[in-house]
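The block underneath contains the structure these notes are about, expressed in C-alpha cells.
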Amino acid sequence: MSFDLRDFNGYMYPTFSWCKGETNGIEDCSKTISEYVESLVPKLFEKDKDFKPERYDIVRTKNIIDDNYFIGRIIGLPGEEIEFKNGYVYINGAILDEPYLYIKGSTYGDGNLSSCQKLKIGNNQVFVMGDNRLVSSYFDSRNKLGLVAIENITHYLPFDLQLNLFKKRWNNFGGKNLNLTDEDRNQEVFNEKLVKKINEYREQKKLDKVTVDNNLIKLAEIKAKKYLDKKIDDLDVDYFNSILSGLAKNHEIFYLIKEGFYNIDDYFDYLRTSNFIQKKTKFIGVALKEKENKDCNNKVIVIIISEIK
C-alpha cells in the first residue's frame with residue numbers, strides 16, 4: 001500500500017511520524033495515534049529524581065483532563081513569559097529559534113492562549129507544543145493539555161541527543177516557509193479553491209459535493225469578528241448558537257475555528273487529518289479575518305459546514 005506523506009503529518013511531524021512510506025518500514029501505519037505515541041516511549045529516557053526540564057526536550061506527559069499521554073516538546077520553562085506574535089514564539093520578549101518545525105511562522109494561539117497575549121508560566125510548570133503547530137494546537141499546551149506540571153512528566157529526550165536522531169528528518173521534511181500568496185488572504189478565492197480540494201477528496205470517499213453558501217460565509221464572518229474582538233474561547237458559543245438555532249433544527253451543522261492564516265494546501269491538509277470534511281453536509285462557508293494589535297496581528301479562519309442553506 002502506498003501513502004501520501006501528508007496524510008500522516010501528526011502533531012510531532014517531522015520529528016516523529018507513523019507511516020512506513022517515509023520511515024523505511026520502521027514505524028507501523030496500522031497503529032492509531034495513541035498507540036503510536038505509546039510505541040515511542042522506549043526511545044525516551046525515564047524521568048528520575050534528578051530530572052531538570054530544559055528547553056527543546058521532548059517529553060511524555062500525562063494529560064490530567066482525560067488521563068491520556070501526550071508526547072511534545074518543551075518550549076517555555078518555569079517563570080518565563082511566552083507569547084505568539086505573527087506566527088512565531090517569543091520567550092521573555094525574544095523570538096525563539098526552532099529548527100525542528102514543519103512549517104516556519106505557523107505558531108498561533110488556541111483556547112488557553114490567543115495570539116498577541118502573554119502568559120507567565122508557573123514555577124513548577126512547562127509549556128509544551130508539537131512540532132507541527134497547525135495540527136497540534138488543539139492537543140498541546142495552547143488548549144487541551146494546558147500548562148504541564150513537571151511532576152506529570154514521565155519520560156524525556158534531551159535536545160543534544162535529538163540532533164543525531166532527527167536533524168536529517170528536520171532538514172528533509174521540515175522547515176517549510178508559509179509562503180502566503182494574495183489568494184491565500186482573499187476570502188472569495190480561498191472559499192473557491194478550498195471547496196474544489198474538498199470536493200475532489202469527497203469524491204474519492206464517495207460523498208456528496210459541497211457548495212459555497214453566502215449565508216454560511218456571513219455567519220462565519222460574525223463568528224470570526226466576535227472571536228477577534230472579544231477573544232472568546234471557541235467553546236463559548238452561546239451567542240453564535242442562538243444565530244444558528246433556527247437553521248440547525250433536525251439538521252447537522254458544524255464549525256471550526258483556527259487562529260492564523262495558512263496557505264490553502266496546508267489548511268486543506270489540516271482538515272484532512274480530521275473527519276471534519278467527511279461529515280454529511282452539503283454547504284460550506286469560510287471567513288478570514290485579521291485584526292492589527294500594534295506589532296502583532298491576530299488572524300482567524302472560521303469554516304462552517306451544514307446540511308442546509
Looking at the stretch 129-142, is at least one residue charged (D, E, K, R), more than 17 Å from Lys52 (Cα to Cα) and touching a Lys or Arg at 6+ places or on another chain (Cβ under 8 Å)?
yes
Filter the stretch 96-126 down to the residues that are part of a strand (DSSP E or B) and closer than 27 Å to Asn172 by Cα, then identify the one that is nearest to the chain's Cα centre (by Cα).
Ile103
Given the condition of a type in the set (Phe, Trp, Tyr) and closer than 24 Å to Lys47 by Cβ, answer yes or no: does some residue in the stretch 138-147 qualify?
yes
Inside the stretch 28-77, the number of residues satisfying the requirement of being over 18 Å from Val135 (Cβ atoms), open to solvent by 80 Å² or more (accessible area, probe 1.4 Å) and either touching a His at 6+ places or on another chain (Cβ under 7 Å) or at pLDDT below 75 (or both) is 8
Restricting to the stretch 80-95, name every residue that is on the phi > 0 side of the Ramachandran plot and either open to solvent by 20 Å² or more (accessible area, probe 1.4 Å) or part of a strand (DSSP E or B) (or both).
Asn86, Asn92, Gly93
Take Val126 and decide whether it is of a type in the set (Val, Ile, Thr), out of contact with any Ser or Thr (no Cβ under 6 Å at 6 or more places or on another chain) and in contact (Cβ under 8 Å) with a residue 24 or more places away in the chain.
yes
Going through the stretch 66-79 in order, the residues found to be of a type in the set (Asp, Glu) and on the phi < 0 side of the Ramachandran plot are Asp66
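The values are calculated or read from the model by the stated rules, or taken from the named source; none is laboratory data. Since the model is a prediction, treat every value here as computed from it, not as a measurement. Using ideal geometry, Cβ is built from the backbone for each residue, glycine included, and neighbour counts are taken over all protein chains shown. When the accessible area is computed, the model is the full protein with side chains, heavy atoms only, and any ligands, DNA or RNA have been set aside. Shrake-Rupley method; radii C 1.70, N 1.55, O 1.52, S 1.80 Å.
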